[in-house]
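Report on one structure; see the data block that follows.
The values are calculated or read from the model by the stated rules, or taken from the named source; none is laboratory data. Treat the numbers as computed from the prediction; the structure is a model and nothing was measured. Neighbour counts are summed over all protein chains in view; Cβ atoms, including those assigned to glycine, are modelled from backbone coordinates with ideal geometry. For the accessible areas, the whole protein counts, side chains as well, though only heavy atoms, and no ligand, DNA or RNA atoms are used. Shrake-Rupley method; radii C 1.70, N 1.55, O 1.52, S 1.80 Å.
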Amino acid sequence: MTAACCRRLVALALALVASAAARPARAEAPRQRAGIVPLELAQVAGATGTELATADTTLAGKRVRFTAKVAETGRTPAGEAILVLTDGGARVVFRMPDVLERAERLTPDVEWEVIARLDRPVQLADGRAAIAVMPDILVKTPGLPAEEKPTDVIAQVVGATMLVDPPLVPFESEEPLYRMRITDPGKGLKREFTELRASALASAKDDQGRTMYNAIRTDRAEDGRERTTSCIFRSDGGELRMVEYGEVEVEPATGRRSNETGVNLENEQFNDTWSARKRSFERNTYAGVCMGTAISGFPLGRARVVRIYVYGGRGIPVPVYAYQDGEETLDVRGRPERATRIRMGLDVRQTSKSIDVPEVWRQHAEAGSEVWFSGESTYWIASAPPHEVLKFEGPLGPPGAPEAVVERIR
């Protein structure tokens, strides 16, 4: 692929990190503690409708906290991961993205603290009514919300920590493969490069025989400027590791380059804006501008939940979760295709744990992190290998960025 061709390339501006429109809350909502709505299990059990409405507030999308006993956990005969909780005469069934790790520690006669973000009411295959919850659910020894003592029992949903090599398939396209439609202009954050054009993906072997991928795209702004992005990945024993990425803006008429940046996620460090210390990137860190390629590596058939970090170019990498939320048929690129929904959101608790602050401030860090959660983004990837992204819905950046629908057209 020539350098001139690379400069022409543009692509799927699929970014990440969450946000659906904020749901309306009713008056007199319970005061949140560390970003969590404190409740009784009976209030959760009595919530109604798709918004999970109670007398005081709506619970859909909120993190709630209560104590209860564990009556049942595991999988139903249909394979659904469930957690059944009781408190006196109240009973609630949670449907989880996957089962809790080492659930045998959750002794049935003991009262446990449950912290969960509620999603929507669902019905299990056996007919039971349930509430779907997101992957950041915790069942733990009662205590302060952000506290984790060495003696505590803490059970979370099982999950992988790396994306995998689909494997990616090299291609080159002078025509845009995706169509973008802005659905919300956002507030405070403007996205200039919104015209999708050409894209390509090249592969080669490094000196150790490992497969390297370079996903290249060029986005165009209304004034004609073009921005080329290069995302370099390596297949490490079947895992898809991000090595580095770079961006450069070019004025086609003059060829003048500007705003050129690049980050090596293996060898460089980031500046922790909380502690002002230099820190190394975690191995499972992926650049936000490259997630449109990376998410094809969701380990379908191996894990239902993945926890990774997403780096936006400044500040600290953001912990996120991604999980399977079913399959459907989409009408894309001129034909019906079976797609797997992958939902992605900010992992608030892991965010507070990742911040380099004294432990006594941890609760405040978690409460502050909750402000940044405003919903989830959704990717639809082809259910068949190599699992190309077929559709995306969500913001094109952090909270306040424009929101868009991006669909595969070729």
Can you name every residue in the range 172-191 that is closer than 18 Å to Met291 by Cβ and part of a strand (DSSP E or B)?
-> Tyr178, Met180
Please work out which one of (1) closer than 11 Å to Trp380 by Cα; (2) open to solvent by 30 Å² or more (accessible area, probe 1.4 Å) is the condition Val318 fails and give its number.
-> (1)
Please list, ordered by first then second residue, the pairs with beta carbon atoms under 6 Å, 6 or more apart or interchain, first in the range 86-105 and more than 17 Å from Ile154 (Cβ to Cβ), second basic (Lys, Arg) and open to solvent by 20 Å² or more (accessible area, probe 1.4 Å).
-> Thr86/Lys69; Val93/Arg128; Pro97/Arg304
Has the range 322-341 got at least one residue that is touching a Lys or Arg at 6+ places or on another chain (Cβ under 6 Å) and outside any strand (DSSP E or B)?
-> yes
Reported set for the range 75-95 where residues are at positive phi and either in contact with a helix residue (DSSP H, G or I) (Cβ under 7 Å, 6 or more places away or on another chain) or open to solvent by 60 Å² or more (accessible area, probe 1.4 Å) (or both) is Gly88
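Can you tell me which residue among Arg307, Arg277, Arg283 is surrounded by 19 or more Cβ atoms within 10 Å (Cβ to Cβ), farther than 14 Å from Cys231 by Cα and either among the hydrophobic types (A, V, I, L, M, F, W, C) or touching a residue at least 60 places away in the same chain (Cβ under 8 Å) (or both)? Before the answer, list the steps.
On the way: Arg277 fails: surrounded by 19 or more Cβ atoms within 10 Å (Cβ to Cβ); Arg283 fails: surrounded by 19 or more Cβ atoms within 10 Å (Cβ to Cβ).
Going through Arg307, Arg277, Arg283 in turn, just one is surrounded by 19 or more Cβ atoms within 10 Å (Cβ to Cβ), farther than 14 Å from Cys231 by Cα and either among the hydrophobic types (A, V, I, L, M, F, W, C) or touching a residue at least 60 places away in the same chain (Cβ under 8 Å) (or both): Arg307.
Hey, could you check the range 286-304 for residues that are among the aliphatic types (A, V, I, L, M) and over 21 Å from Ala384 (Cα atoms) and say which is surrounded by the fewest Cβ atoms within 10 Å (Cβ to Cβ)?
At the first step, the residues of the range 286-304 found to be among the aliphatic types (A, V, I, L, M) are 287, 289, 291, 294-295, 300, 303.
Imposing the further condition that a residue be over 21 Å from Ala384 (Cα atoms) reduces the set to 287, 289.
Working: Ala287: 25, Val289: 27.
Selected residue: Ala287.
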For the range 336-345, indicate whether the set of residues that are open to solvent by 30 Å² or more (accessible area, probe 1.4 Å), within 26 Å of Glu388 (Cβ to Cβ) and touching a Pro at 6+ places or on another chain (Cβ under 7 Å) is non-empty.
-> no
Matching residues in the range 321-335 - criterion: being surrounded by fewer than 20 Cβ atoms within 10 Å (Cβ to Cβ) and either farther than 21 Å from Val133 by Cβ or without any contact (Cβ under 8 Å) to a residue 60 or more places away in the chain (or both) = Gly326, Glu327, Glu328, Thr329, Leu330, Asp331, Arg333, Gly334, Arg335
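Only one of these is out of contact with any Lys or Arg (no Cβ under 9 Å at 6 or more places or on another chain) and of a type in the set (A, V, I, L, M, F, W, C): Val248, Val169, Val164, Val243. Name it.
Numbers: Val248 fails: out of contact with any Lys or Arg (no Cβ under 9 Å at 6 or more places or on another chain); Val164 fails: out of contact with any Lys or Arg (no Cβ under 9 Å at 6 or more places or on another chain); Val243 fails: out of contact with any Lys or Arg (no Cβ under 9 Å at 6 or more places or on another chain).
So the residue among Val248, Val169, Val164, Val243 that is out of contact with any Lys or Arg (no Cβ under 9 Å at 6 or more places or on another chain) and of a type in the set (A, V, I, L, M, F, W, C) is Val169.
Yes or no, residue by residue, for (1) hydroxyl-bearing (Ser, Thr, Tyr); (2) modelled with pLDDT of 95 or more; (3) more than 14 Å from the chain's Cα centre (by Cα); (4) outside any loop (DSSP other than H, G, I, E, B):
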site: Ser230; (1), (2), (3), (4): yes, yes, yes, yes
site: Ser235; (1), (2), (3), (4): yes, yes, yes, yes
site: Gly262; (1), (2), (3), (4): no, no, yes, yes
site: Trp274; (1), (2), (3), (4): no, no, yes, no
site: Glu282; (1), (2), (3), (4): no, yes, yes, no
site: Tyr309; (1), (2), (3), (4): yes, yes, no, yes
site: Ile316; (1), (2), (3), (4): no, no, yes, no
Any chance Gly312 is crowded, with 22+ Cβ neighbours inside 10 Å and closer than 23 Å to Tyr213 by Cα = no
Write out, first by first residue and then by second, each pair whose Cβ atoms fall under 8 Å of each other, whose residues are 6+ apart or on separate chains, and whose first residue, in the range 180-193, is closer than 25 Å to Glu251 by Cβ while the second is open to solvent by 80 Å² or more (accessible area, probe 1.4 Å).
-> Glu192/Glu222
Can you confirm whether the range 163-170 contains a residue that is in contact with a Gly (Cβ under 8 Å, 6 or more places away or on another chain) and part of a strand (DSSP E or B)?
-> yes
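Limited to the range 96-153, what total is found for residues that are open to solvent by 50 Å² or more (accessible area, probe 1.4 Å) and closer than 16 Å to Lys69 by Cβ? Walk me through how you get there before you give the answer.
Looking only at the range 96-153, we keep the residues that are open to solvent by 50 Å² or more (accessible area, probe 1.4 Å), and these are 101-102, 104-105, 107-111, 120-121, 123, 125-126, 128-129, 142, 144, 147-151.
When the remaining residues are screened for being closer than 16 Å to Lys69 by Cβ, the result is 104-105, 107-111, 142.
Number of matching residues: 8.
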For the range 113-131, pairs from a residue that is closer than 17 Å to Tyr323 by Cβ to a residue that is in a strand (DSSP E or B) and small (Gly, Ala, Ser), with Cβ under 7 Å and 6 or more apart or across chains, are Asp119/Ala132; Arg120/Ala132; Val122/Ala130; Val122/Ala132
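Would you please name the residue that is modelled with the lowest pLDDT, looking only at residues in the range 45-65 that are over 25 Å from the mean Cα position of the chain (by Cα) and either of a type in the set (Val, Ile, Thr) or under 11 Å from Val92 (Cβ atoms) (or both)?
Going residue by residue through the range 45-65, those that are over 25 Å from the mean Cα position of the chain (by Cα) are 45-49, 53-57.
Next, only the ones that are either of a type in the set (Val, Ile, Thr) or under 11 Å from Val92 (Cβ atoms) (or both) stay: 45-48, 54, 57.
On the way: Ala45: 95, Gly46: 95, Ala47: 95, Thr48: 95, Thr54: 91, Thr57: 87.
Only one residue tops the list, namely Thr57.
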So Val250 clears everything in (1) part of a strand (DSSP E or B); (2) within 27 Å of Leu300 (Cβ to Cβ) except one condition, right? Which one?
-> (2)
